[in-house]
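Colleague: Questions regarding the structure given below will be posed in turn.
The values are calculated or read from the model by the stated rules, or taken from the named source; none is laboratory data. A quick note: this is a predicted structure, and the numbers were derived from the prediction, not measured. Cβ: placed from backbone, ideal geometry, glycine included. Neighbour counts: every protein chain shown. All accessible areas refer to the heavy atoms of the entire protein, side chains included, with ligands and DNA or RNA removed. Shrake-Rupley method; radii C 1.70, N 1.55, O 1.52, S 1.80 Å.
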Amino acid sequence: NAEQTTASGGDVDKSIIEPQVQRRETNRPKIEPSDFEVGLYGGILSIEDFESNVVYGARLAYHLTEDFFLEGTVGRSRAGRTSYENLSGSADLLTDSERDYTYYALSLGWNALPGEIFLGENRAYNTAFYLVAGIGNTTFAGDDRFTVSGGFGYRILPADWIAVHFDVRDHVYDIDLLGEKKIVNNLEAHLGLSIFF
């Protein structure tokens, strides 16, 4: 209580409001400063003129900042038969070993739209929509080919140490296998799982 003297010389009591605030206990998230990410993926690769086939691979990423990361990928698939081979009944254009398709790429990624996804009322997971572009090499049809790649992906973190990825990439290079030189676009879509350390 505080006492104040009025103009008439009397004392008046004024109550001071003291709010009764209940402090609640909070748990700080135990997120480790993990900059490296390693994982595996599998999906479908459409090799231009050679059908769509299963692709599998591995990724290693280093997160430079919250917005940018470097990523190395290595993938493997196997080319099918061309429509010309299927319809003409002639000899195969490629030997069995030349149908092996292997690529590697070093890319720069940008987390363009970081955010959250809500499942139900009490569950929220960190997410990011990201863009990637890079260079690398593709071994196909008995030759190594300089390759430019690019695409986008969506990443969900069910926990602070694991991520689920959905990626779409395009692998672009020159080839003259069917008689004329041309630029091919080999589209890839895959689903992956990675861990942070």
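Colleague: Report the extension gain between L191 and S83 in nm, rounded to one decimal, defined as 0.36 nm multiplied by the number of residues separating them, less their alpha carbon distance. Mind showing how you got there, number by number?
Modeller: Details: separation 108, 0.36 × 108 = 38.88 nm, distance 2.83 nm.
Length gained between L191 and S83: 36.0 nm.
Colleague: Could you order peptides 114-120, 38-44 by the average number of other Cβ atoms within 10 Å of their residues, highest first? Write down the numbers at each step before the final one.
Modeller: Values: 114-120: 10.3, 38-44: 15.7.
Top of the packing list down: 38-44, 114-120.
Colleague: Ok, one more. Which net charge results for the neighbourhood of R169, defined as the other residues with beta-carbon distances under 15 angstrom from its beta-carbon, given Lys and Arg at +1 and Asp and Glu at -1? Can you show the working numbers first?
Modeller: Details: positive: R59, R76, R155; negative: E48, E71, D167, D170, E188.
Net charge around R169: -2.
Colleague: Follow-up. Amide H of V55 versus every other amide H placed in the peptide plane: which residues, excluding those fewer than 5 positions away on the same chain, fall under 5 Å?
Modeller: Residues meeting the amide H criterion: G43, I44, L45.
Colleague: Which of rounded, prolate or oblate describes the stretch 57-197 when judged by the alpha-carbon gyration tensor and an a/c cut-off of 1.5?
Modeller: Values: a/c = 2.87, a/b = 2.26, b/c = 1.27.
Taking the square roots of the gyration eigenvalues as a ≥ b ≥ c, the stretch 57-197 is prolate.
Colleague: So, one more: Pop a pseudo-label 7 angstrom from the Cα along the beta-carbon direction at both A112 and K181 and give the gap in nm to one decimal.
Modeller: 3.2 nm
Colleague: Sort 58-71, 124-137 by packing, meaning the average of other beta carbons within 10 Å per residue, with the highest value first.
Modeller: Sorting 58-71, 124-137 by mean packing, highest first, produces 124-137, 58-71.
Colleague: Excluding V55 itself, calculate the net charge of residues whose Cβ lies under 15 Å from the Cβ of V55, where each Lys or Arg counts +1 and each Asp or Glu counts -1.
Modeller: -1
Colleague: For the stretch 56-197, what is the accessible area per residue in Å², given a 1.4 Å probe and the full set of protein chains? Numbers along the way, then the final one.
Modeller: On the way: 7930 Å² over 142 residues.
Averaged over the residues of the stretch 56-197, the accessible area is 56 Å².
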